[in-house]
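First comes the structure, then the notes that go with it.
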Amino acid sequence: EYIPTGWILTGTALANVLSRGDVRDDGYLAALGSWTHVSGDLYGKASGTWKSFFKDGQAREGSAAATAEGRWLAGLGVQAIMGAGTQVVTGVPARVREISLGEDNGLPGYPARYLSGKGQFLTTSEIRWALPLEALTVAPALAIVGGAGRVSDRPSPFGDGPWREGIGFGIRLGMTRAPSALVNHLTVSRPLGPDGKLGWLVSFGAKQSL
């Protein structure tokens, strides 16, 4: 698998002159930076984004996010993946907007958009064992997952609400000859602690894999 390394920096600037007869925002700015490093059996990537609309020179309805992810190839088809990420709403929202947290974006055992707020923090971990077989360019792997996160009612990058934890297991289906590192995830998970009453959750989706 080819993984480009080093820095990637991008920026976007847009001006909105007229929108259906009504000038709603003066413009839009966005910036993204990412850094990837490979050293032997260790892979690491960190990235950050910021974007916002502007009106009368004032930032509004924007967001900022940062993520870090690492992978260790332990041998015999086993790899350990760990990650952490934060996201906040910035500026003066033109409408009510919140960030959601659930199984769909990394918190095992919790339904999609189960938690919401103006800021969130999430940590994830996964042990993956690639099975020694391949069928029609599809390579399966078994996985054990865990995660913990929390949200905040204000734009706090580390959240200030109670921690929510979950664990699970599942199957990963990767394409060995695909141009992108897209992996299909089939996961069975449940929350820990008092939220365990929610029971088991089965989910399926495609995610970018490091």
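Observations, loosely collected:
- Accessible surface ranking for ARG164, ARG128, 1.4 angstrom probe, highest first: ARG164, ARG128.
- Relative contact order (percent, whole number), segment 65-166, Cα cutoff 8 Å, 6+ residue spacing: 25 percent
- Candidate cross-link partners of LYS197 among the aspartates and glutamates, defined by an alpha-carbon separation under 18 Å and a same-chain spacing of 8 or more, comprise GLU103, GLU165.
- Note on VAL89: accessible area approximately 10 square angstrom, rounded to 10, probe 1.4 Å, nucleic acids and ligands left out.
- Computed over the chain, the quotient of the alpha carbon radius of gyration and 2.2 N^0.38 Å is 1.16.
- The figure for PHE169 is an accessible area of roughly 110 square angstrom, using a 1.4 Å probe on the protein chains alone.
- When the chain is treated as a Gaussian network with alpha carbon springs shorter than 10 Å, the biggest mean-square fluctuation among LEU186, LEU115, LEU136 belongs to LEU136.
- Solvent-accessible area, 1.4 Å probe, carbon plus sulfur percent, for the chain: 62 percent
- Computed extension gain for LYS207 through MET82, at 0.36 nm per residue and net of the alpha carbon distance, reaches 43.5 nm.
- Accessible-area order (highest first, 1.4 angstrom probe) of the listed residues ARG154, ARG60, ARG71: ARG154, ARG60, ARG71
- Per-residue extension of 0.36 nm, minus the Cα-Cα distance of TRP7 and TRP129, leaves a gain of 41.0 nm for this segment.
- Partners for LYS207 among lysines (Cα-Cα distance below 22 Å; same-chain residues under 8 apart left out): LYS45
- Full-stretch length increase - ALA74, THR176 - with 0.36 nm per residue and alpha-carbon distance subtracted: 34.8 nm
- 1.4 Å probe accessible area per residue over segment 147-198, in Å²: 56 Å²
The values are calculated or read from the model by the stated rules, or taken from the named source; none is laboratory data. The structure displayed is predicted, hence computed values, not measured ones. Areas reflect the complete protein model, heavy atoms only, side chains present, ligands, DNA and RNA absent. Shrake-Rupley method; radii C 1.70, N 1.55, O 1.52, S 1.80 Å.
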